[in-house]
Structures are given as C-alpha cells and as structure tokens.
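What follows draws every value from the coordinates through simple rules; no lab data is involved. Here the structure is a predicted model, which means the values were calculated and not measured. Here Cβ is always computed from backbone atoms with ideal geometry, including for glycine, and neighbour counts include all displayed protein chains.
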Amino acid sequence: MKRNLLKLGLAATMLTATPLLACDHTGNSGIVEDNDLWIPATVKTVTGMDEATFNNVLDKVEAIYEPVISAEGKTLRIERKWSDGTVNAYAQQRGNTWIISMFGGLARHETVTPDGFALVACHELGHHLGGQPRKRSWFGTAWASNEGQSDYFGSSKCMRKYMEQDNNVDLMSNVDVPAFAVKKCQENFTSAEEVAMCKRNAMAGMSLAGLFRSLRNLSEPLDFTTPDQNVVSSTNHNHPEPQCRLDTYFAGSICEIDAYADMDPSDETKNVCTRIDGYSIEARPLCWYKPKR
C-alpha cells in the first residue's frame, strides 16, 4: 500500500495499526508503533533538523558507542536513511553486527528537535545495551531491552555522554524549561553544567513525548507535573503510554547515577536509581515497570 504523503502541518497524522509488540519474531524494534505516516525529504522542518544535522547527531553517537560495542566483540552499524520518509527507528542484531536504523521521516517530524533525534538514537542503542528488563519474544527472552528500559537508558546513560563535551549552560541559556523540571534538576545536581545537561535532557524527552502524542492523536497535553498514575501488576514490555514515556525520560534525566556505570544484562537494579535505594521520581516509573524487590 502506498504511504500517505504528509499534509502541511501534519494535521492529518493518524496511526493505522493497533500497538504491536516492539520486538517481533524478525528482531525489529521500533521506537513507535507501526504507522503509515511518510514525511518526504522535500519537507522543511521547523526544529532545525536538516541532513547535515541528521548526520552530525549520528556521527557523535557513533563516536561514543562504536568503541563500547567493539569492546563487546560486536560491530555497530548505523543505517542513515535521510531520504526515507518512514516515521520510526529500529534496532536489530544480525550475528555480530548490532544495527540501528535511523530515518529522515522521523527526524523531519515537526515535534522532533536535534536533541530529540539524538534521544531516538540513544533509545535504539538502549535495546542493545540497556540490560534488564528485556523484551519477551515468541521464543522466550529476546536480546533486546524492552521499550521502557531503552527509554530509561537513553536519558540516564546515553544522552548524558552525548552532551558532556558541549557548553550546555550556553546552549540552554535561552531555552524556556518548565519550572518543575528546573527545580528537580537543581535539587539533584550541583554544578551549573550538570543542571544545564539535566534540563537539556528533559527537553529532549519532551520533544519525543510530543511525537508520541501526535502519533496517537491525543488531545490532552503531556507535562512533567502530571505523571502517569497507573501502576502495572507486571512489567509492560511494549510501548508505554506517551505520558509514561515522558515520565521515564525525565526520571533518567534527574537520576544522578554515573552515566559510565553500565546497566547490567542480568541485574535490573544495578547502576540505576531504584526505590529500594530511596529514589522515587528518579526511578523507572511504575506505569510500565514492576520492581522485582
């Protein structure tokens, strides 16, 4: 079926399929549910995303994580598909090659900022490196960290590495960050640079929350001050609700655990903010995550 062309302003955006399990039997993992939205390369973005920025973001992510994955005895491959209008991103493993597929269509969506796009790449890397909890497949436990864990890895580990060489104080000097996010960043970090990184990280999460909200045609706004109040009885391995995903990105942004303290492939409490250690809003949200203890 031919994909629908983007209407001006994306007013006609709609999801055409019910939510699917993110890691299916083919090994694909999308950051959003399957959809037929197609944003061609001729569309001008309003967030500063162009082909050069697209590649610069991925160059930076690759420089950070290629050595990390190489140390695992694997090869990182980032598929750069700027001309492809697909509004999604995927992770796959083919033998010793760990792949993330990044599409221009997602980068061109009106909600996606350059930092939001970097967080997409971080989410996809999280499927490879985010540890437990992992997605369930048709054949048992899959190789991929589940959707919520990949979100949490994205903001708590990957994005903090991505930002650390930048002058974040200058970059955030003219950005209008919600007061609640500023307050929590100031409570959890001490230096001006760390606080600025926290605010930048939170706003990257807000960018993607806008994407999720748009794709589901939600009318209610998403906000740092209105966390998802649902409490799951077992861990949800599929895509959480958009507010829940914003909560997860924000939790990772304000968790002060060292970004270089790796998440663990067998212990989901290692090197993350947990409730058993006294954390609350910094821990993985209960709207998708059921703690084992």
Long-range amide H partners of Ala89, meaning residues 5 or more apart or on another chain whose placed amide H is closer than 5 Å, are Ile31, Val32
One computes Rg over Rh for segment 156-286 from alpha-carbon atoms, with the Kirkwood Rh, and obtains 0.96
Segment 143-182 and segment 188-209 have their Cα centres apart by a whole-number Å value of 5
Once both label points are put 7 Å beyond Cα along the C-beta direction, the Lys183-Thr225 separation in nm becomes 0.8
Restricting to Cα pairs under 8 Å and 6 or more apart, the percent relative contact order of the chain works out to 18
Once Lys and Arg are counted +1 and Asp and Glu -1 for all other residues with Cβ under 12 Å from that of Glu72, the total becomes -1
Once the in-chain neighbours fewer than 8 apart are removed, the lysines whose Cα is under 17 Å from Lys199 read Lys157, Lys161, Lys183, Lys184
Scaled by the rule-of-thumb 2.2 N^0.38 Å, the alpha carbon Rg for the chain gives a ratio of 0.93
Arg94 and Arg275 label points (each 7 Å along its Cα→Cβ direction) are spaced in nm at 4.2
